[in-house]
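Structure, as structure tokens:
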Amino acid sequence: MSDDEHDSKEQKARDRADREREAQEQAALPYRWTQELGDVDITVPVPKGTRGRDLLVVIQKKKLSVGLKGKEPILAGDLCKEIKVEDSTWTLEDQQSVLIHLEKLNKLEWWENVLSHHPKIDTRKIQPENSKLSDLDGETRGLVEKMMFDNQQRQLGKPTSDELKKMEALQKFQAAHPELDFSKAKIS
């Protein structure tokens, strides 16, 4: 077995152990959570028969607390990132789960955890669901298309969109000023 094959097997074993540890840590939390780039959804189990008026739910820009009135909160602490409070909501489902929807302030960033003191997940291993560019709003779609183009250009060793714009501006300037000598100019 070559060193590369040995290293690859060791890496796979480490990755598997990391995934198992991460899954155990997440399973131990008093809630389940999922995320998309723009939002986080949290499900907090509560005793069957719980009513909305029995709950104390606090959603703030950087804090979250969920619990039953008069008892220790089920979860409470600082959120790992800021949210848009006005677009975040909670509902009680079947009198046994509190569903919390948090809108991320930064919609281009994966969260490592919900509360900053809870175990983190490895966001590099997140496999986002395939989404269509047409599902995105115009500004986000443009940004994603530019990032995809620039990444593809870099892989091919070609200039990115910003570099192409600079080259185009320079060519226009040179065409407008043929009397200037650019032969020894260094452009960066």
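Distance from the C-alpha centroid of region 157-180 to that of region 1-59: 49 Å, rounded to the whole angstrom. Overall, the accessible surface of region 3-125 at a probe of 1.4 angstrom is composed of carbon and sulfur to the extent of 49 percent. For region 93-106, the Karplus equation 6.51 cos²θ - 1.76 cosθ + 1.60, evaluated at θ = phi - 60°, returns couplings of 10, 6, 6, 9, 9, 9, 9, 10, 10, 10, 8, 5, 6, 9 Hz by residue, with Gly and Pro reported as x. Estimate the FRET efficiency between residue 95 and residue 18 by the formula 1/(1 + (r/R0)^6), using the beta-carbon distance for r and 35 Å for R0, to the nearest 0.05. Rounded to the nearest 0.05, the efficiency is 0.40.
Distance between the modelled labels on residue 65 and residue 149, one decimal in nanometres: 4.9 nm (7 Å Cα→Cβ projection).
How high is the relative contact order of the chain, in percent, with contacts defined as C-alpha pairs under 8 Å that are six or more residues apart? In percent, rounded to a whole number, it is 16.
Bridging of residue 69 to aspartates and glutamates at a Cα separation below 13 Å is possible for 54, once same-chain residues fewer than 8 apart are set aside. Among all the lysines, which ones have a C-alpha under 16 Å from residue 120's C-alpha, if same-chain residues fewer than 8 places away are not counted? Qualifying lysines at Cα under 16 Å: 81. Remark: spin-label model distance residue 122-residue 176 equals 5.2 nm, labels positioned 7 Å along the Cα→Cβ axis. When the pairs 107/146; 63/107; 146/172; 158/184 are compared against a 20 Å limit on Cα-Cα distance, 146/172; 158/184 fall above it. Exposed loop sites were defined as trypsin sites (Lys or Arg not before Pro) in DSSP loop states (anything but H, G, I, E or B) carrying at most 16 other C-beta atoms within 10 Å; in the chain the longest segment without such a site runs 133-183.
Once you divide the Cα radius of gyration of region 3-125 by 2.2 N^0.38 Å, the number left is 1.25.
The alpha-carbon of residue 186 sits under 19 angstrom from the alpha-carbons of these aspartates and glutamates, leaving out residues fewer than 8 places away in its chain: 162, 163, 168.
Think of the chain as having a plus end and a minus end, set by charges on the Cβ of Lys, Arg, Asp and Glu; of 183, 35, 50, 50 sits farthest toward the positive end of this dipole.
The values are calculated or read from the model by the stated rules, or taken from the named source; none is laboratory data. This structure is a prediction, so every number in the text was calculated from the model and none was measured. When we count neighbours, we look across all protein chains shown, and the Cβ atoms used for this are built from the backbone with ideal geometry, even at glycine. These accessible areas exclude ligands, DNA and RNA; they are computed on the full protein's heavy atoms, side chains included. Shrake-Rupley method; radii C 1.70, N 1.55, O 1.52, S 1.80 Å.
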